[in-house]
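Below: one structure, written as structure tokens.
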Ligand code: URA
């Protein structure tokens, strides 16, 4: 689904390696290392149906139950979220309600932590990807990575008529930047509603592209990244991608 320059590294499948029980619980955010040791010692963990009280016991993620319930998803997950307007793509609580607040509380304590793959503005809704896979995050947010992203745009003022050709030309330079935006595809729905397909992720890119032509975006929604769409996900909902759906 991508035109990325670098080849995809081999998938690090952590399900294939055994981990210490205390490490497993701690990395998934269940408790601190010392608390995890206590939880295991008190008999809350089973491995393949057997109670294990030694925290240095090594097991595969899928073999472990905590209080009789399978563990949260292993490290390496990618989450597809339908971001509502008003939530912020930041880890900083001071910035308002966060997209991470939509996830289970325990997931906030995971290590490695879950981060958004790129950002949507507070006032933008739509498809947002998040992951705890640092290598994937790095690759998908690299300026060299070009995947098509589709935005539904509502404009304050009617189109003038030349927007489509200017965006497609690959010559539009945004305020404060030196290099032109890559060609982008505009489709007109009516004179204040369009879709715009871009393959970059510059800061506030869609809003700034229209601002550069004297217009103003009043509503913005991302409906697609590569082959991924929101499907039936309602605003505020999310799901974990299957391995074969993860962008490469
Ligand atoms: N372009 C924007 O202007 N804002 C977004 O949130 C995404 C793309």
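Can you tell which of 144, 178 is modelled with pLDDT under 95 and either within 16 Å of the ligand (Cβ to nearest atom) or assigned to a loop (DSSP other than H, G, I, E, B) (or both)?
144
Restricting to the stretch 102-141, name every residue that is away from the ligand (no atom under 16 Å from the Cβ), more than 14 Å from the chain's Cα centre (by Cα) and surrounded by fewer than 18 Cβ atoms within 10 Å (Cβ to Cβ).
Result: 104, 105, 106, 108, 109, 111, 112.
Here is a check on your reading of the model: is residue 80 touching a helix residue (DSSP H, G or I) at 6+ places or on another chain (Cβ under 6 Å) and touching a residue at least 40 places away in the same chain (Cβ under 8 Å)?
No, not satisfied.
Go through (1) free of Cβ contacts under 8 Å to residues at least 24 places away in the same chain; (2) under 24 Å from residue 100 (Cβ atoms); (3) part of a helix (DSSP H, G or I) and name the single condition residue 136 misses.
So residue 136 meets the others, but not (1).
State all residues of the stretch 118-154 that are within 20 Å of residue 86 (Cβ to Cβ) and in contact with a helix residue (DSSP H, G or I) (Cβ under 6 Å, 6 or more places away or on another chain); if no residue qualifies, say none.
Correct list: 151 only.
If you scan the stretch 208-218, which residues turn out to be more than 18 Å from residue 179 (Cβ to Cβ) and within 9 Å of the ligand (Cβ to nearest atom)?
210, 217
Hey, any hits in the stretch 198-207 for a residue that's away from the ligand (no atom under 13 Å from the Cβ) and outside any loop (DSSP other than H, G, I, E, B)?
The answer is no, given that none of the residues of the stretch 198-207 is away from the ligand (no atom under 13 Å from the Cβ) and outside any loop (DSSP other than H, G, I, E, B).
Can residue 96 be described as surrounded by fewer than 18 Cβ atoms within 10 Å (Cβ to Cβ), assigned by TED's automatic domain parsing to the domain that holds residue 197, touching a residue at least 12 places away in the same chain (Cβ under 8 Å) and away from the ligand (no atom under 13 Å from the Cβ)?
In short, no.
Within the stretch 31-73, track down each residue that is in a loop (DSSP other than H, G, I, E, B) and farther than 16 Å from residue 18 by Cβ.
31, 32, 42, 43, 44, 49, 53, 67, 68, 72, 73
Residue-wise test of (1) buried (at least 18 other Cβ atoms within 10 Å of the Cβ); (2) closer than 29 Å to residue 97 by Cα; (3) in the same structural domain as residue 134 (by TED's automatic domain parsing).
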| site | (1), (2), (3) |
| --- | --- |
| 178 | no, no, no |
| 211 | no, yes, no |
| 236 | no, yes, yes |
| 240 | no, yes, yes |
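Quick one: in the stretch 183-197, which of the residues that are under 15 Å from residue 150 (Cβ atoms) and part of a loop (DSSP other than H, G, I, E, B) is farthest from the ligand (Cβ to nearest atom)?
So the residue we want is 183.
The values are calculated or read from the model by the stated rules, or taken from the named source; none is laboratory data. Quantities reported herein were computed from a predicted structural model and do not represent experimental measurements. No Cβ is skipped: glycine too gets one built from the backbone with ideal geometry, and neighbour counts run over all protein chains shown.
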